[in-house]
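Input: one structure, supplied below.
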Amino acid sequence: MVNYRPDARLDGLARRFGGHYTRYADDITISLTEDLHEQVFTVVRLIRDIVGEFGYELNERKGGVRRRHQRQEVTGLVVNEGIALPRETRRRLRAVEHRLRTTGDCSLSEEELQGWLALVSMVPEQGEGAAIPPG
C-alpha cells in the first residue's frame, strides 16, 4: 500500500510505451517490446523523475538497460526466453545433488537446501534445471 501511487505511475509509464512494469521489494523492471534508443532513454529519464517525486532515487550500480542479446535477470531469475534459474545456480545445485548422491554430504544447511528446493519447484521446467531429490 505504501507504494501504490508510484507503482501506478510506473505501470502507466510502461503501458504508455507498450511495455510491462514489475516490482519486487525495491527492484523495479520495465520490459519494453521494442529497443528504440530514444524511447529507452526517455523511459529511464521518466522513471528517475517518478521515483524522485516519491522521495526515492535509482541505484545507478544496480540499474541499467539489458538488450535481447544480454542476460536479462529479474530478482535472480533469467527472463530472456521464458523464466529460468541462472546457469551458475543450476550448475551449483547439480553439484549439490551429485554430492548428496555420492557422499550423502551437502555444502548447504538443511534450511538452505529446503529453500533452494522450494525455489526450484516454483521455476518452470528449464531443460537443464537441477533435479534435486527432496529430503
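Compute the acute angle (0 to 90°) between the alpha-carbon long axis of helix 37-53 and the principal axis of greatest extent of the alpha-carbon atoms of the chain; round to the nearest 10°.
Here the helix axis deviates by roughly 90 degrees.
Let me ask something else about it. Taking N as the number of residues in the chain, what is its alpha-carbon radius of gyration divided by 2.2 N^0.38 Å? If you can, show how the numbers build up before the last one.
Numbers: Rg = 18.7 Å, N = 135, 2.2 N^0.38 = 14.2 Å.
So the Cα radius of gyration is 1.32 times the expected 2.2 N^0.38 Å.
So for each of 28-37, 51-60 I average, over its residues, the number of other beta carbons within 10 Å; can you give me the resulting order with the highest mean first?
Result, highest mean first: 28-37, 51-60.
Measure nothing fancy, just the Cα-based angle from helix 4-16's long axis to the longest principal axis of the chain, in degrees from 0 to 90, nearest 10.
Computed tilt is about 80 degrees.
Any chance you could give the angle, 0 to 90 degrees and rounded to 10, that helix 110-122 forms with the longest Cα principal axis of the chain?
On a 0 to 90 degree scale, this one is about 60.
Y24 versus H98, label points 7 Å from Cα toward the beta carbon: distance in nm?
Going from the Y24 label point to the H98 one covers 2.7 nm.
Return the distance in nm (one decimal) between the two label points of a simple spin-label model at L117 and R45, each offset 7 Å from Cα along Cα→Cβ.
For the pair L117/R45, the computed spacing is 5.2 nm.
Bear in mind these aren't lab numbers, they're just calculated from the coordinates by the rules spelled out. Keep in mind that what you see is a predicted model, and the values were worked out from it rather than measured. Don't worry about glycine lacking a Cβ; one is built from the backbone with ideal geometry, like all the others, and counts go over all protein chains shown.
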